[in-house]
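Colleague: After the structure tokens below, expect a handful of questions from me.
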Amino acid sequence: MMPLTQHPLLAQLLRRVGANEAEPPTLDAWRDLLKLVSQMYYESDHDRDTLERSIENSSRDMQQLYQDLKHRTESERVEQEAIMRATLESAIEGIMIVDNKRQVIAMNKRFAEMAQLPESELAQRDQRVLAALAVKSVKTAESVLSRIDGMQETDGTWRDELELINGSVIDYFSAPVRTPDGTQVARVGFFRDITAERHAHQQLEQAREAAEAASKAKSLFLANISHELRTPLTAVIGLADLLLLERDPLVDRQREYLEGIASSGRHLLALVNDVLDLAKIEAGKQELTLRSIPVHEAIEEGLTAISPLANARGVSLEPATRNDVPNVRADRVRLRQILYNLISNAVKFTDYGGVVRVRARQDGDRVAIAVSDTGVGIAPADLSRLYRSFEQLKLPSGDRPGGTGLGLALTKRLVEMHGGTIDVESELGVGTTFTVRIPVG
Amino acid sequence: MARILVVEDDLWSRRLVFELLVLRGHDVLCAAGVSDGRAQLDSVRFDAVLLDINIPGGGGELLLQEIREYNTVIPVIAFTASAMAGDRERFLAEGFTGHLSKPIDVKSFGETVESYLLPPA
């Protein structure tokens with residue numbers, strides 16, 4: 001830029017009217033200057049020529065100065081606009097800035113795409129039309145408009161989800177634009193297309209719902225089929241037992257076969273019962289009747305039920321429960337089932353001459369019931385499989401012990417339904433202890 | 001000796017119960033469904049009814065209601081494969097005298113049924 005001082009007289013005059021040399025003079029300064037010049041023109045007859053030349057020169061300088069300033073402001077404006085444009089266009093979001101009169105001040109291409117603004121309108125650049133078109137692309141245009149109007153008056157930010165007519169879902173964030181003195185002059189809106197996210201989320205949700213429904217249907221089916229299976233099993237077991245009761249003598253082989261039919265029938269029945277129980281739990285149809293139950297009674301019932309098996313296997317049962325153990329809050333039938341499963345497992349995996357101990361003690365707000373055996377123990381690698389359905393551990397001989405392979409899976413579920421926990425400690429060749437903790441009640 | 005009606009739709013369960021009760025010296029008649037059982041009850045005087053719940057013709061509960069309309073004392077025992085918690089209480093509340101769940105214990109079945117019989121007048 002050409003400094004004003006290039007023309008000494010002009011510079012001097014400008015200083016006299018109080019203008020800054022580095023900046024273009026204000027309108028008032030120009031006025032003062034002109035006044036000053038015409039005054040000087042009439043007062044200084046003696047060197048009119050000089051002055052006229054001087055003014056002629058200065059007006060050329062002034063023009064030059066004006067051009068320079070104009071150019072500089074223009075290039076700054078262009079530069080700033082380029083920065084703003086680049087910023088707008090490099091954003092991932094669609095951006096639209098609207099002034100208080102609902103006129104679009106600026107928008108980026110991403111926004112034009114989202115709002116599906118037609119090329120013809122974009123070319124026309126009628127910002128009022130564009131703003132109206134943008135609003136129209138939203139399904140609930142009316143409510144959006146009223147909210148936008150409401151927001152113009154408030155100064156807060158606003159976040160919302162807009163559903164467009166074309167089905168897109170837009171995450172919309174709106175913030176006020178203020179001048180340094182705090183006046184809100186416009187609002188800038190950021191628009192992010194979350195249709196894909198939303199769609200993926202919905203699909204996931206639908207898949208989850210379908211999976212849950214399928215699982216429930218499966219459980220219901222199992223519960224029904226288990227029930228149906230019990231009827232013919234009744235006849236199988238009962239008729240075999242009936243034949244074994246016959247007075248007519250059977251040959252040993254016939255008796256053996258009948259015993260095979262009856263015992264397989266009972267095994268199948270136990271399996272059906274366990275499947276039914278598990279299915280009921282998974283279908284959410286298993287209900288507990290919670291009562292306050294003396295622990296030693298439940299343990300005694302479990303031990304009594306298992307004593308024929310223990311006697312047959314030469315395993316002794318040792319209850320060791322102190323009288324001061326509080327009652328537990330449990331379903332009597334299910335608690336008996338839990339203890340029966342644990343004690344019968346202990347007996348099955350313990351050799352002749354071994355011992356199965358059942359102890360109960362208070363542990364905070366729970367009663368810990370521990371079933372310990374002096375059996376074969378569980379390999380660390382097998383511990384994680386313990387509670388899975390049909391993952392029955394084998395005896396060291398390679399045989400599978402009796403039972404359904406569902407006992408522990410079922411036991412765990414039942415314990416958890418009581419708000420309890422089940423833990424296991426085991427050492428190969430030494431023995432295993434299962435501990436269930438049931439809330440005091 | 002008592003005259004007992006067994007209403008059970010499963011052929012071999014019916015036969016099993018029949019044999020067990022006959023072995024104990026009872027006079028046993030059988031029916032496979034509600035209408036069959038109703039016909040037997042109309043023509044014969046029974047001392048007890050063993051009634052399956054899940055039977056064709058309206059279910060055991062319907063037949064029980066009909067029996068209770070004219071006879072409130074005859075022992076009617078629910079005989080069912082369902083072993084849901086609360087079943088027993090529900091059956092007793094509905095007017096059954098007792099509940100026997102399948103599968104049955106062959107050795108004790110007869111005695112259990114007899115325990116529901118009314119003492120001879």
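The values are calculated or read from the model by the stated rules, or taken from the named source; none is laboratory data. Since the model is a prediction, treat every value here as computed from it, not as a measurement. Here the Cβ positions follow ideal geometry from the backbone for every residue, glycine too, while neighbour counts run over all protein chains shown.
Colleague: Which one is modelled with the lowest pLDDT among residues in segment A:180-198 that are among the small types (Gly, Ala, Ser) and surrounded by fewer than 12 Cβ atoms within 10 Å (Cβ to Cβ)? Explain how you work it out, then say what you get.
Modeller: Let us first name the residues in segment A:180-198 that are among the small types (Gly, Ala, Ser), namely A:182, A:186, A:189, A:196.
Subset that is surrounded by fewer than 12 Cβ atoms within 10 Å (Cβ to Cβ): A:182, A:196.
Numbers: A:182: 80, A:196: 89.
The extreme case among them is A:182.
Colleague: Quick one: which of A:201, A:267, A:296 is more than 14 Å from every other protein chain (Cβ to nearest Cβ), farther than 20 Å from residue B:54 by Cβ and in contact (Cβ under 8 Å) with a residue 60 or more places away in the chain?
Modeller: Answer to the check: A:296.
Colleague: Which numbered condition in (1) of a type in the set (Phe, Trp, Tyr); (2) out of contact with any strand residue (DSSP E or B) (no Cβ under 9 Å at 6 or more places or on another chain); (3) crowded, with 16+ Cβ neighbours inside 10 Å is the only one that residue B:79 fails?
Modeller: (2)
Colleague: Still on this structure, I have one more. Considering only residues of segment B:8-63 that are basic (Lys, Arg) and outside any helix (DSSP H, G or I), which is farthest from the other protein chains (Cβ to nearest Cβ)?
Modeller: Pass one, segment B:8-63, residues basic (Lys, Arg): B:14-15, B:24, B:38, B:45.
Now narrow it down to the ones that are outside any helix (DSSP H, G or I): B:24, B:45.
Working: B:24: 12, B:45: 28 Å.
So, considering only residues that are basic (Lys, Arg) and outside any helix (DSSP H, G or I), the one farthest from the other protein chains (Cβ to nearest Cβ) is B:45.
Colleague: Inside segment A:299-315, can you point out the residues that are part of a helix (DSSP H, G or I), touching a residue at least 24 places away in the same chain (Cβ under 8 Å) and closer than 16 Å to residue A:372 by Cα?
Modeller: Let us first name the residues in segment A:299-315 that are part of a helix (DSSP H, G or I), namely A:299-313.
Adding the requirement that they be touching a residue at least 24 places away in the same chain (Cβ under 8 Å) leaves A:299, A:301-303, A:305-306, A:309-310, A:313.
Within segment A:299-315, A:299, A:302, A:303, A:306, A:310 meet the criteria.
Colleague: Among the residues of segment A:276-293, which ones are part of a helix (DSSP H, G or I), closer than 25 Å to residue B:104 by Cβ and within 13 Å of chain B (Cβ to nearest Cβ)?
Modeller: Filtering segment A:276-293 down to residues part of a helix (DSSP H, G or I) leaves A:276-282.
From what's left, closer than 25 Å to residue B:104 by Cβ: A:276-280.
Of everything in segment A:276-293, those that are part of a helix (DSSP H, G or I), closer than 25 Å to residue B:104 by Cβ and within 13 Å of chain B (Cβ to nearest Cβ) turn out to be A:276, A:277, A:279, A:280.
Colleague: Residue under question is residue B:106, and the condition is that it be more than 14 Å from chain A (Cβ to nearest Cβ) and either on the phi < 0 side of the Ramachandran plot or at pLDDT 90 or above (or both); does it hold? Give the steps one after another, and end with the answer.
Modeller: Details: more than 14 Å from chain A (Cβ to nearest Cβ): no; either on the phi < 0 side of the Ramachandran plot or at pLDDT 90 or above (or both): yes.
No: the conditions fail for residue B:106.
Colleague: Could you say which residue among A:346, A:310 is at pLDDT 90 or above and buried (at least 17 other Cβ atoms within 10 Å of the Cβ)? Walk me through it before giving the result.
Modeller: Values: A:310 fails: at pLDDT 90 or above.
Criteria check complete, one pass: A:346.
Each row is one residue, and each column tells you yes or no for (1) part of a helix (DSSP H, G or I); (2) at pLDDT below 85; (3) within 14 Å of chain B (Cβ to nearest Cβ).
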position: A:162; (1), (2), (3): no, yes, no
position: A:206; (1), (2), (3): yes, no, no
position: A:220; (1), (2), (3): yes, yes, yes
position: A:223; (1), (2), (3): yes, yes, yes
position: A:227; (1), (2), (3): yes, yes, yes
position: A:233; (1), (2), (3): yes, no, yes
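Colleague: Ok, one more. Any chance segment A:258-271 includes a residue that's under 20 Å from residue A:412 (Cβ atoms) and part of a helix (DSSP H, G or I)?
Modeller: The first filter runs over segment A:258-271 and keeps only residues under 20 Å from residue A:412 (Cβ atoms), leaving A:270-271.
Of the ones still in play, those that are also part of a helix (DSSP H, G or I) are A:270-271.
Yes, segment A:258-271 has at least one match.
Colleague: Within segment A:342-371, track down each residue that is out of contact with any strand residue (DSSP E or B) (no Cβ under 9 Å at 6 or more places or on another chain), farther than 17 Å from residue A:422 by Cβ and of a type in the set (Ser, Thr, Tyr).
Modeller: Once the filter is applied, which keeps residues that are out of contact with any strand residue (DSSP E or B) (no Cβ under 9 Å at 6 or more places or on another chain), farther than 17 Å from residue A:422 by Cβ and of a type in the set (Ser, Thr, Tyr), segment A:342-371 yields only A:352.
Colleague: Okay, moving on. Within segment A:176-201, track down each residue that is within 19 Å of residue A:114 (Cα to Cα) and aliphatic (A, V, I, L, M). Give the derivation first.
Modeller: Of segment A:176-201, the ones within 19 Å of residue A:114 (Cα to Cα) are A:187-199.
Answer for segment A:176-201, where residues must be within 19 Å of residue A:114 (Cα to Cα) and aliphatic (A, V, I, L, M): A:188, A:194, A:196.
Colleague: Which one of the conditions (1) free of Cβ contacts under 8 Å to residues at least 60 places away in the same chain; (2) surrounded by fewer than 17 Cβ atoms within 10 Å (Cβ to Cβ); (3) more than 14 Å from chain A (Cβ to nearest Cβ); (4) part of a helix (DSSP H, G or I) does residue B:112 fail to meet, given that it meets all the rest?
Modeller: (3)
Colleague: Which residue is modelled with the highest pLDDT, if the candidates are limited to segment B:88-103 and must be outside any helix (DSSP H, G or I) and within 14 Å of chain A (Cβ to nearest Cβ)?
Modeller: Of all residues in segment B:88-103, those outside any helix (DSSP H, G or I) come to B:95-103.
Now restrict to residues that are within 14 Å of chain A (Cβ to nearest Cβ): B:100-103.
Values: B:100: 90, B:101: 84, B:102: 82, B:103: 81.
Result: B:100.
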